[in-house]
Every structure is written in C-alpha cells, then in structure tokens.
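Asker: So that we are looking at the same thing, I have put the structure below in structure tokens.
Computed from the coordinates by the stated procedures, all read-outs in this text should not be read as laboratory data. From a predicted model like this one, the values you see are computed outputs, not experimental measurements. Virtual Cβ from ideal backbone geometry, glycine too; neighbours counted across all protein chains shown.
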Amino acid sequence: MKLVISKRFAKDTQKIRDERILLKLRKIIAALEACGSLEDITEATELSGYSGYYRISFDYRYRIGVYVADNTVELLRVGHREDFYKYFPTA
C-alpha cells in the first residue's frame with residue numbers, strides 16, 4: 001500500500017507538542033506502511049456519507065483523517081477530537 005502525506009497533515013503534526021502523542025502517531029504511520037489494506041488497522045472507521053474517507057483513533061483524544069483510493073492511502077489531517085470534525089472531511 002502506498003502512503004502519501006499531505007502538507008496539511010505535516011502542519012497539523014507540527015502543532016502537537018506532546019511526545020507521547022507523537023510516538024503513537026509514528027507507530028500508526030509505520031503500521032499503515034506495513035499493512036496490506038486499511039482493514040488491517042482495527043482503529044480505522046469509514047465516515048458515513050463520505051466514501052473513501054476514514055478516521056483512525058490513535059489516542060482517546062486524537063484522530064487521523066485519511067482518504068483511500070485504489071492502493072493509495074493519503075493522510076489528510078490529524079487533530080484533537082473536539083476540532084477534528086470541523087475540518088475533516090472536506091468535500
């Protein structure tokens with residue numbers, strides 16, 4: 001599976017200061033690179049009403065927004081659950 005990281009995802013990641021959260025984020029990215037499909041990630045949930053858009057809960061407070069097309073996973077956003085759904089998905 002090919003992994004693409006958007007510029008917005010990189011900017012969102014720079015805003016996170018907690019090292020524990022960043023370590024969990026790195027583990028999820030490594031797991032995405034290693035897995036054959038998104039179904040292998042148990043924390044991934046498809047968003048209703050938006051085909052191809054998924055969220056990954058990697059901490060009880062943080063979410064990763066991804067878009068899946070063919071054999072490509074694009075990491076779009078990462079953020080706190082309070083603000084996450086204001087900005088993801090952008091249709």
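Asker: Rounded to the nearest 500, what is the chain's calculated 222 nm mean residue ellipticity when only DSSP H runs of at least 4 contribute -39500 (n - 2.57) each, over all residues?
Answerer: -10500 deg cm²/dmol
Asker: Sticking with this structure for a sec: Can you list residues from other chains, or at least 5 along the same chain, whose modelled amide H is less than 5 Å from the amide H of VAL4?
Answerer: Amide H to amide H, under 5 Å and 5 or more residues apart or across chains, VAL4 pairs with VAL73, GLU74, LEU75.
Asker: Then there's this: For the chain, what does the equivalent ellipsoid look like in terms of its semi-axes, each the square root of 5 times an eigenvalue of the Cα gyration tensor, given largest first in whole Å? Intermediate values should be presented prior to the final figure.
Answerer: Numbers: eigenvalues 67, 49, 29 Å².
In descending order, the three semi-axes are 18, 16, 12 Å.
Asker: Same structure again: Of THR72, THR42, THR13, which has the largest mean-square fluctuation in a 10 Å C-alpha GNM of the chain?
Answerer: The residue with the greatest mean-square fluctuation here is THR42.
Asker: Mind telling me which of ARG26, ARG77, ARG55 comes out most flexible in a GNM of the chain, alpha-carbon contacts under 10 Å?
Answerer: ARG26
Asker: Give a quick list of GluC sites (Glu not before Pro) in region 1-66 that DSSP marks as loop, anything other than H, G, I, E or B, with at most 16 other Cβ atoms within 10 Å. The partial results should precede the final answer.
Answerer: Details: sites: GLU19, GLU33, GLU39, GLU43, GLU46; in loops: GLU43.
Listed in order of number, the matching sites are GLU43.
Asker: Separate question: Pick from GLY79, GLY65, GLY52: which is most flexible by mean-square fluctuation in a GNM of the chain where alpha carbon atoms under 10 Å apart are linked?
Answerer: Answer for the Gaussian network model of the chain: GLY52.
Asker: Calculate the spin-label point distance for THR72 paired with CYS35, positioning each point 7 Å from the Cα along the beta-carbon direction, and give it in nanometres.
Answerer: 2.0 nm
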